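Colleague: Take this structure, written in structure tokens, and hold onto it; I'll ask about it next.
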Amino acid sequence: MKKILILTANPTNTKPLRLSEEVREIKSAWERSQNREQFEIIVEEAVRPQEFRRTLLDHKPDIVHFSGHGGGEQGLALMGDNGETFLVKVAPLAKLFKALQEIFFIDCVFLNACYSDVQAEGIYPYVS
């Protein structure tokens with residue numbers, strides 16, 4: 001069974017996104033799929049940096065789907081402990097995915113965030 005891990009973050013000091021609706025649409029499509037028994041969907045919302053890493057390690061997903069805000073070179077916007085933006089730059093993100101590659105393989109990463117091409121470039125060498 002393939003695991004799809006959906007991670008969302010919409011910090012309080014950013015423009016509101018319709019992340020719950022996005023997750024609902026993904027789940028609805030999965031439920032209608034003829035091959036749904038081949039996939040498991042796991043959703044983690046309001047993801048903070050430490051949860052991002054721990055959740056990846058705990059679930060060892062085949063597919064990672066991140067939805068939230070992106071800031072290009074400034075990083076992906078996760079939730080800080082105070083609910084506001086905590087930007088994760090590409091270097092630590094790439095380091096994390098490189099380390100994960102030694103434990104398990106991630107087949108696909110989908111970054112649904114503006115200006116996330118920088119992060120995609122940084123992590124793609126560590127995605128199967």
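Colleague: Residues of the chain: accessible area per residue at 1.4 Å, in Å²? Walk me through the intermediate numbers first.
Modeller: Values: 7540 Å² over 128 residues.
The answer is 59 Å² per residue.
Colleague: What are the ³J(HN,Hα) values, in whole Hz, obtained from phi via the Karplus relation 6.51 cos²θ - 1.76 cosθ + 1.60 with θ = phi - 60°, for each residue of segment 109-120 in sequence order, with x given for Gly and Pro?
Modeller: Once θ is set to phi - 60°, the couplings for segment 109-120 become 10, 10, 9, 9, 8, 4, 6, 8, 4, 5, 5, 4 Hz.
Colleague: So what are the ³J(HN,Hα) numbers for segment 67-73, from phi and the Karplus equation (6.51, -1.76, 1.60; θ = phi - 60°), rounded to whole Hz, Gly and Pro as x?
Modeller: Result, ordered by residue: 10, x, 9, x, x, x, 4 Hz.
Colleague: For R48, enumerate residues with amide H under 5 Å from its amide H, sequence gap 5+ or separate chain, H modeled in the peptide plane.
Modeller: Here the answer is M79, since their amide H atoms fall under 5 Å of that of R48.
Colleague: Using only C-alpha positions, report the orientation-averaged shadow area of the convex hull of the chain, nm², one decimal.
Modeller: Its Cα hull, projected and averaged over all orientations, spans 7.3 nm².
Colleague: Please report how many Lys pairs in the chain have alpha carbons closer than 14 angstrom, counting only residues at least 8 apart along the chain or sitting on separate chains.
Modeller: Going through the chain pair by pair, I get 4.
Colleague: Would you mind telling me the share, in percent, of accessible area of the chain contributed by carbon and sulfur at probe 1.4 angstrom?
Modeller: Of the solvent-accessible surface of the chain, carbon and sulfur hold 51 percent.
Colleague: Let me ask something additional. Per residue of the chain, what 222 nm ellipticity follows from adding -39500 (n - 2.57) for every DSSP H run with n ≥ 4, rounded to the nearest 500? Please list the in-between numbers first.
Modeller: Working: 4 runs with 44 residues, N = 128.
My calculation for the chain gives -10500 deg cm²/dmol from helical runs alone.
Colleague: Amide H to amide H under 5 Å from I41: which residues, 5+ apart in sequence or cross-chain, H placed 1.01 Å off N in plane?
Modeller: Sorted by chain and number, the residues that satisfy this are I4.
Colleague: For F110, enumerate residues with amide H under 5 Å from its amide H, sequence gap 5+ or separate chain, H modeled in the peptide plane.
Modeller: V64, H65, F66
The values are calculated or read from the model by the stated rules, or taken from the named source; none is laboratory data. In this text, all values refer to a predicted model and were calculated from it rather than measured experimentally. Calculation scope for accessible area: heavy atoms of the full protein, side chains included, ligands and nucleic acids excluded. Shrake-Rupley method; radii C 1.70, N 1.55, O 1.52, S 1.80 Å.
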